[in-house]
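Following: one structure in structure tokens, then a few remarks.
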Amino acid sequence: MERRFTPQQKKQNRYDRDHVMRGWNTGTKYRKKLRLKKDLAERSLRRGLTVATHTMLRDAESDAPRSAKPRRVDAGPPSSVRDLIEHRLGRRAASHGAKAERRARNADWYVGVVEYWLKEIVRRRKLDDIGRLRDLRALVRSEVNDRVTDSQLAEFFRQHPAWMTKLRAWRQELWSREPTRRSPRRRQRKVRPVSDP
């Protein structure tokens, strides 16, 4: 038996004949948006009635609107499957690569943060704990904002080696200002000779 419609014809007929009826069971977003639209329509109606009432009481010859009509809120006419698919494909094409563009645009946001804190560190002329100067990366990591990860900090120092040179010069300057402390000598106890009885 020969087919009445080929699969391609069935698909074409569905695009042309079938439609999408938006209703209460379409999705949660539709319910929220419909309730919001109705609330906004009621609010604008109340505001219009209040303005009209005050205008009538204040000035009988004013040109302001004397009445307000409720705005109709409905789901709109049903859209065909073809229109719905074209709309979704258009949105997909418009947003294609948007996430990659945002990541590339915001990839170097931490550079300014790290540079700001490095400038603040280098300006210091004294450090409470001089022992922290042994590990410069740990010192910077403790001072920099927590939003900067260790991998981002390592990438920053790899791309900007001049900052590590500045930090080393700053460390050398602080070490040169620190007075040398000699280790205290231990006092040797004098051993008294034991007298024979």
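Quick rundown of the values:
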| read-out | value |
| --- | --- |
| Failed item, numbered, when GLY112 is tested on (1) without any contact (Cβ under 8 Å) to a residue 12 or more places away in the chain; (2) assigned to a loop (DSSP other than H, G, I, E, B) | (2) |
| Subset of the stretch 27-66 that is at pLDDT below 70 and closer than 28 Å to HIS87 by Cβ - its residue that is surrounded by the fewest Cβ atoms within 10 Å (Cβ to Cβ) | THR28 |
| Checklist (1) modelled with pLDDT under 85; (2) within 30 Å of LYS38 (Cα to Cα); (3) of a type outside the set (A, V, I, L, M) applied to GLY112, failing item | (2) |
| Test for GLU143: is it without any contact (Cβ under 8 Å) to a residue 40 or more places away in the chain, within 22 Å of ASP108 (Cα to Cα) and crowded, with 16+ Cβ neighbours inside 10 Å | no |
| Residue that is nearest to the chain's Cα centre (by Cα), among those in the stretch 67-100 that are surrounded by 11 or more Cβ atoms within 10 Å (Cβ to Cβ), free of Cβ contacts under 8 Å to residues at least 40 places away in the same chain and assigned to a helix (DSSP H, G or I) | HIS87 |
| Tally, over the stretch 106-126, of residues that are under 17 Å from ARG141 (Cα atoms) and either of a type in the set (Asp, Glu) or not assigned by TED's automatic domain parsing to the domain that holds ARG141 (or both) | 2 |
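The values are calculated or read from the model by the stated rules, or taken from the named source; none is laboratory data. Quantities reported herein were computed from a predicted structural model and do not represent experimental measurements. Here the Cβ is made from the backbone with ideal geometry for all residues, glycine too, and neighbour counts use every protein chain on show.
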